[in-house]
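Bear in mind these aren't lab numbers, they're just calculated from the coordinates by the rules spelled out. Remember, predicted model here, so these are calculated numbers, not experimental data. Here Cβ is always computed from backbone atoms with ideal geometry, including for glycine, and neighbour counts include all displayed protein chains.
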Amino acid sequence: MWWLPMWSVKATRLPFDAAIRGIKKLIEEKLRLHLLTPALDARGEYDLFEMQQVFMSTVFADGECFLRWRPRTGTFATGLALPFQFEMIEADRLDKSITSHGLNQVVEGVEYGPTGQIEAYHLPPYHPGSVEIPRSRTTSRVSAIDVIHGRRFNRSEQLRGVPWLAPVMMTIGELSDYQETQIMKQRMSWLLAFMLKWTGGVGVGKSEKGLDKSEPGAIFHLPEGAEPVPVDPPRVEEYPAFMKQGLQAIAAGIGITYESLAVDLESVNFSSARYGRNEMDRLVRMWQRNIMIAQFGGGIERWFRNGLSVSGKAGMDFTLDWTPPRRILVDPTREIPAMIEEVESGLNSCQGVQRELGRDPERIREERVQDMQADEAVNLSSASDEKATEAGRARAEADNIKDQAARNRLSSITN
């Protein structure tokens, strides 16, 4: 899924000595034992990756999604690596009957302070459409610090999320009506019907038994004077072109390419695919940065630190760097050499390219060191090192040829 970022633990102070390595190892172990297990979810359904996917899908469908911090103590903390869990909440859970709390205004379950900032959320213990019998019907006032409110901001002073399909909802409805109409026309075109034309007024007002329920391949014997006249059913025309235009309008309204929405690659080449992906990737990076990293990832790190503090491991120097997932390359044979040239020419760093591809530079560095140590342990030379050496020699020879050609041209001009 191209929404979901992956964390990496990074030390906030140097040098990277044994103590820092120990802290990093401890943090990574806590992340793995707690965040990557269903124990993270209050209902025991999702680990962090599944939670990210459902969270972002809900933001797309409903415009917003809520994640609540639930501290656990006593028997509720049994079996947990850290004493907390997360509860995913839909926007329908907000109590819309409350209009104020003290001097603060409450609008549709969201409490706003004097400056207009969200201070709390009013949440009942059950979903209004749930079939479960709630143990309590008392609405809880949950501080905004304990809630991650994920949504996309489209304008200034916006506080609530808007479903992403809202701008194209009417277009989707009209396209659905058009599709149903075309399906009905197609069904009508399958029907072979006849009208009886009587000559000389013979048999007018009579109907031959069975003609109203004709089947494919049926043969009827008509009385004398009856002439069958076939009915020309309606034809389905311009359906693909109309549907394509409608899907293009929907894709533009969402902010993705038509090919990604309709999975139609019939008339796509490298240039058009690359241009469309560049524009969509720009929006995807913005959504990843603003929603999944700033809102979701920032809240997860804050709560993770709280969990460490409660469990007696406060004051650790670290930060969680969130790396978006790998961007799918349209044509790796063209794009990878271009990335290599950017690094060699100084236009980009190796770490920058690795992060653009959705990889963690520190993890790559550690794995490369492990590979080298494992190869040296068995006196095995790395094939990638040999290829890199050969590639370096080839580039050096090519550079020498270019330099010699340039010197020859300069010499011919001066002479």
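Figures for the structure shown
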item	result
In Hz, Karplus ³J(HN,Hα) per residue of the stretch 164-169 (6.51, -1.76, 1.60; θ = phi - 60°; x = Gly, Pro)	5, 8, 4, x, 10, 5
In order through the stretch 347-352: 3J(HN,Hα) via Karplus (6.51 cos²θ - 1.76 cosθ + 1.60), integer Hz, x for Gly, Pro	7, 8, 9, 4, 5, x
For PHE318, residues with placed amide H under 5 Å, excluding near neighbours	THR12
Long-range amide H partners of ASN348 with built H, under 5 Å	VAL343
Distant-in-sequence amide H partners of GLN105 (H built 1.01 Å from N, under 5 Å)	TYR112
Linear extension gain, GLU157 paired with THR171, 0.36 nm per residue minus alpha-carbon span	2.3 nm
Selection of trypsin sites (Lys or Arg not before Pro), the stretch 15-76, meeting DSSP coil and at most 15 other Cβ within 10 Å	ARG43
